[in-house]
Amino acid sequence: MCNLYSQTKSQDAMRHVFEGVMEDGETLVDQSGNLPAMSGIWPDYSAPIIRHGKNGGWQLSTARWGMPTPATYLKGKRTDPGVTNIRNTSSQHWRPWLGVQHRCLVPFTSFSEIDTRRGSPRNHPIWFALGQDRPLVFFAGIRTQWTSVRKLKEGEVTAELFGFLTSAPNAEVAAIHPKAMPVILTKPAEWRQWLTAPIQDALTLQRPLPNGSLQIVAEGEREDAV
């Protein structure tokens, strides 16, 4: 599972990259405030997403990482910390949030998987990116507004939440972490397909990147600040 990633590009960079998605007359409204570079984004952190706007168009905003947990796994628990990664999109729990209005793009520059190779140090993170320059791309995400107790000290809160899809890993990730990798979208046509296509077409994007697409850019660090 990917439970750590980075997004170190500027808001202007996110807006500029997303221009490739927009058609004539569409706009992107930035409602994210003053976003810092985020070299280590952990579960339940607030992070940027690009989503459908409330009055049409598109919106750059923030949400907390972790979608609502299926009720079966919350029995006897006082909090719901959320689910960061979604693999089984046929589950009845996730189906209501796969519609167009709940899909989003999650910008990132690198992501981490724990090294499971024999002899590796415990909880040793390996950072992957599309290149040493960490180009800005997107995870295929879903989002919702939800009321729950995320942390006891907060009590009940209503918050914007997000998670992103995973798939089988490609060769580079499988060598480190053989269970899964995030669904990564690298092209404007894919970004628009995920955001606007009927569900059957959108879910064809739930697949690993081609082998050779990713590089290991750092390891052993809890943040990727480059």
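No lab work stands behind these numbers, since they all come straight from the coordinates. Since the model is a prediction, treat every value here as computed from it, not as a measurement. Ideal geometry is used to build each Cβ from the backbone, glycine not excepted, and the neighbour counts take in all protein chains shown.
What net charge do the residues around P107 carry, taking every other residue with its C-beta under 11 Å from that of P107, with Lys and Arg at +1 and Asp and Glu at -1?
Computed value for this residue: +2.
Quick check on the chain: helices-only [θ] at 222 nm, where DSSP H runs of length 4 and up contribute -39,500 (n - 2.57) each and the sum goes over total residues. Nearest 500, please.
That calculation yields -2500 deg cm²/dmol at 222 nm.
Once R0 is set to 25 Å, what does the formula 1/(1 + (r/R0)^6) return for the Cβ-Cβ distance between V149 and N3, expressed as a FRET efficiency to the nearest 0.05?
0.75
Would you kindly derive the ³J(HN,Hα) couplings of region 201-215 from the backbone phi angles with the Karplus curve 6.51 cos²θ - 1.76 cosθ + 1.60 (θ = phi - 60°), listing them in order in whole Hz, with x for Gly and Pro?
Going residue by residue, I get 6, 4, 6, 5, 7, 7, 8, x, 5, x, 4, x, 7, 10, 10 Hz, with x marking Gly and Pro.
Calculate log10 I(q)/I(0) of the chain for q = 0.09 Å⁻¹, where I(q) comes from the Debye formula with a single equal point scatterer on each Cα and nothing for solvent.
The calculated log intensity ratios at q = 0.09 Å⁻¹ are -0.35.
Please list, by residue number, every one of the GluC sites (Glu not before Pro) in region 1-82 that is coil in DSSP and has at most 11 other beta-carbon atoms within 10 Å.
Listed in order of number, the matching sites are E19, E23.
Count charges around G141 for me, please; just the other residues with Cβ under 11 Å from its Cβ, Lys/Arg as +1, Asp/Glu as -1. Could the numbers behind the result be given before it?
Values: positive: R51, R103, R143; negative: none.
So the environment of G141 carries a net charge of +3.
Full-extension gain between A174 and R15, please, as 0.36 nm times their residue separation minus the C-alpha to C-alpha distance.
Values: separation 159, 0.36 × 159 = 57.24 nm, distance 3.20 nm.
Length gained, A174 through R15: 54.0 nm.
Net charge near A159, counting Lys/Arg +1 and Asp/Glu -1 over other residues with Cβ under 15 Å of its Cβ?
Values: positive: R51, R64, R143, R150, K151, K153; negative: D44, D80, E154, E156, E160.
In short, +1.
Output the antiparallel fraction of DSSP beta bridges having both residues in region 22-91, as a percent to the nearest 5. Mind dumping the intermediate values first?
Numbers: 8 of 12 bridges.
Counting DSSP beta bridges with both partners in region 22-91, the antiparallel share is about 65 percent.
Please go through region 1-109 and write out the trypsin sites (Lys or Arg not before Pro) that DSSP classes as loop and that have at most 10 other C-beta atoms within 10 Å.
Within region 1-109, the qualifying trypsin sites (Lys or Arg not before Pro) (loop, at most 10 other Cβ atoms within 10 Å) are K75, K77, R78.
In the chain, what percentage of the DSSP-assigned beta bridges are antiparallel, given to the nearest 5?
Details: 41 of 49 bridges.
Counting only bridges with both partners in the chain, antiparallel ones make up about 85 percent.
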